[in-house]
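Student: Here it is, the structure, as structure tokens.
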Amino acid sequence: MSFLLSLPMMCIAAVTSAAAPNYYLTHIWVWVVSTLFGVSYSLHQGEKADPKQSYIVAPNHQSNVDILALLAMLPVKYRWVVKQSLLKIPFFGWGLGATGAISIDRSNPKQALEKLRAESGKVGGGWSVLVYPEGTRSPHGNLQPFKKGAFMMAVQTGVPILPVAVNGAYKIMPRNTLIVRPGHITVTLCDPIPTEGLTEEDIPQLMEKTRKAIEDHFDPDYDPFTRRSGAE
């Protein structure tokens, strides 16, 4: 599927710099893959986000399948911040690069921050940027310490942070496994956090606010194999 999708995405990227066509193509890929694996999703508190507003989207990162959940459920258009090595993967990585994803070198934090500063122009005009504050997938499903990248970009651009809590992805596909178990993932939007007028000195407090917002909707005991209804 990644092979079939990456070819038209690369062709589109070759003739236009517009990100929208490839963004919508990825949604087709998500629903096909999700159906094949038996993974479903639900969005809670979706009214918290304005589809016309730009955000720094900051979700927790439990598993590779939360990528599918976010693509399927988030009501805003966004570009990913990803590690450089992903763009080198044949077909999948090439297609990801064609969506306008921002690649960073996680082994060089200083260089990664500079890259986020340089790419801040990709936020705006109704487009958001999604940055995992933890930087990488959780080895145990719980929240890890946050890194500064997402918050640096937020104070530089002045756009609000949209915290997002994902539940269930870790148990469906734990880290270091290729097995995907059928199950249900919830995506809960939190109240956006304003950043206009803030400076780098405000970043520690901004990180705390974002973490607290996610923790308020994070459920480490959530069972993705027994579908729930209602807000999490």
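Student: Which members of segment 193-229 meet the condition of being under 12 Å from PHE151 (Cα atoms) and touching a helix residue (DSSP H, G or I) at 6+ places or on another chain (Cβ under 8 Å)?
Tutor: Once the filter is applied, which keeps residues that are under 12 Å from PHE151 (Cα atoms) and touching a helix residue (DSSP H, G or I) at 6+ places or on another chain (Cβ under 8 Å), segment 193-229 yields ILE193, THR195, LEU198, THR199, GLU200, ASP202, ILE203, LEU206, MET207, THR210.
Student: Check whether at least one residue in segment 47-56 is at pLDDT 95 or above, of a type in the set (D, E, K, R) and in a helix (DSSP H, G or I), and report yes or no.
Tutor: Within segment 47-56, one or more residues are at pLDDT 95 or above, of a type in the set (D, E, K, R) and in a helix (DSSP H, G or I).
Student: Would you mention how many residues in segment 176-224 are open to solvent by less than 80 Å² (accessible area, probe 1.4 Å) and either polar (S, T, N, Q) or assigned to a loop (DSSP other than H, G, I, E, B) (or both)?
Tutor: Of the residues in segment 176-224, 17 are open to solvent by less than 80 Å² (accessible area, probe 1.4 Å) and either polar (S, T, N, Q) or assigned to a loop (DSSP other than H, G, I, E, B) (or both).
Student: Right, something else. Among the listed residues SER103, SER138, which satisfies the condition of being at pLDDT 90 or above, touching a Ser or Thr at 6+ places or on another chain (Cβ under 9 Å) and surrounded by fewer than 22 Cβ atoms within 10 Å (Cβ to Cβ)?
Tutor: On inspection, the qualifying residue turns out to be SER138.
Student: Another question, then. Only one of these conditions is not met by ALA13: (1) at pLDDT 95 or above; (2) surrounded by 15 or more Cβ atoms within 10 Å (Cβ to Cβ); (3) not hydroxyl-bearing (Ser, Thr, Tyr). Which number is it?
Tutor: (1)
Student: Which of (1) open to solvent by less than 20 Å² (accessible area, probe 1.4 Å); (2) assigned to a helix (DSSP H, G or I); (3) modelled with pLDDT of 75 or more does GLN156 not meet, given it meets every other one?
Tutor: (1) is the only condition that GLN156 fails.
Student: Six or more apart or on different chains, Cβ atoms under 7 Å: show the pairs whose first residue is in segment 141-163 and farther than 13 Å from ILE193 by Cα and whose second is surrounded by fewer than 19 Cβ atoms within 10 Å (Cβ to Cβ) and of a type in the set (A, V, I, L, M, F, W, C).
Tutor: Listed pairs, sorted by first residue: LYS148/LEU113; LYS148/ILE203; GLY149/LEU113; MET152/LEU113; MET152/ILE203.
The values are calculated or read from the model by the stated rules, or taken from the named source; none is laboratory data. The structure displayed is predicted, hence computed values, not measured ones. As a convention, Cβ positions derive from the backbone with ideal geometry for all residues, glycine included, and neighbour counts pool all protein chains shown. All accessible areas refer to the heavy atoms of the entire protein, side chains included, with ligands and DNA or RNA removed. Shrake-Rupley method; radii C 1.70, N 1.55, O 1.52, S 1.80 Å.
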